[in-house]
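Each remark here refers to the structure printed beneath this line.
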Amino acid sequence: MEEKEEKKIETSRLDDIISGLHHKSKTKQEIYRNTKQAFERLKSISQDLVAELTDRVTRQDADVVIEYRNIGEHEFQIKFSGDLLVFVMHTNIITFPDDYEIMRNDYVDEDFRRRFFGHIMAYNFMADTIKYNRLDDPGYLIGRMLINIENHYCIEGVKQLDLPQEKITNIAENVLTNRVLRIIVESAMIAAVNNDLMGQDVSDIERITLKQKLENMHLTKPRKLGFQISPELTH
């Protein structure tokens, strides 16, 4: 009798594991598909935007070049002036601790599946960093877009993003559309253009080693100002 009871409990535990794995796996697969579709739309919208900007800019100055580059399934780049925007889709689905701001939300709390997100990041590099393969040059996160199972989104990132603050954080109201995706790309470009390149203090470059000279065609290492990250969603 005791052995049968133990068997029953063990079977129940296995059923719970299988059920949990099934629901979580199904949820994550659907979110991945949503994120992948959003990223493909982001690629298409970025190509159209680059073509439109190129047409308008070359009428005024043929030397200004704006380029779209497809790097692979999960990355594309937009190069303009001395800047390079790198958009990356992460393949993993993530969640956050309960005290993370986005988790302290009635909309998220109402459905366990809404606790999981796909994510797409936008980074700003100097174009010459890639051109000259300067491995030590930093890139700066402009923003991260989180996408859930219902194609709702929120934006984490820099205050320089030209988006209404209530639209950045309000995942309950934010539904992903092509118009939103275009605004996000445009805002990332504006933030990158307004992020100026700062030279080094002369005392930092008054002495170099021969190794530094041989390894680096460009002996100085200017840096972007960087971005002020908005803390609303983190604490």
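The values are calculated or read from the model by the stated rules, or taken from the named source; none is laboratory data. Keep in mind that what you see is a predicted model, and the values were worked out from it rather than measured. FYI the Cβ positions are ideal-geometry reconstructions off the backbone, even for glycines, and counts take in every protein chain you see. Accessible surface areas use protein heavy atoms only, side chains included; no ligands, DNA or RNA. Shrake-Rupley method; radii C 1.70, N 1.55, O 1.52, S 1.80 Å.
Could you rank the peptides 25-34, 63-72 by their average count of other C-beta atoms within 10 Å per residue, with the highest value first?
Listed from highest to lowest mean packing, they are 25-34, 63-72.
Let's test the formula: R0 of 45 Å, r as the Cβ-Cβ distance of Arg104 and Asp128. What FRET efficiency results, to the nearest 0.05?
0.60
Classify segment 40-150 as rounded, prolate or oblate from the Cα gyration tensor: take a ≥ b ≥ c as the square roots of its eigenvalues, call it rounded if a/c is under 1.5, otherwise prolate when a/b beats b/c and oblate if not.
Since a/c reaches 1.5 and a/b is larger than b/c, the shape of segment 40-150 is classed as prolate.
Suppose accessible area is computed on protein heavy atoms with a 1.4 Å probe; arrange Phe112, Phe39, Phe96 from highest to lowest.
Phe112, Phe96, Phe39
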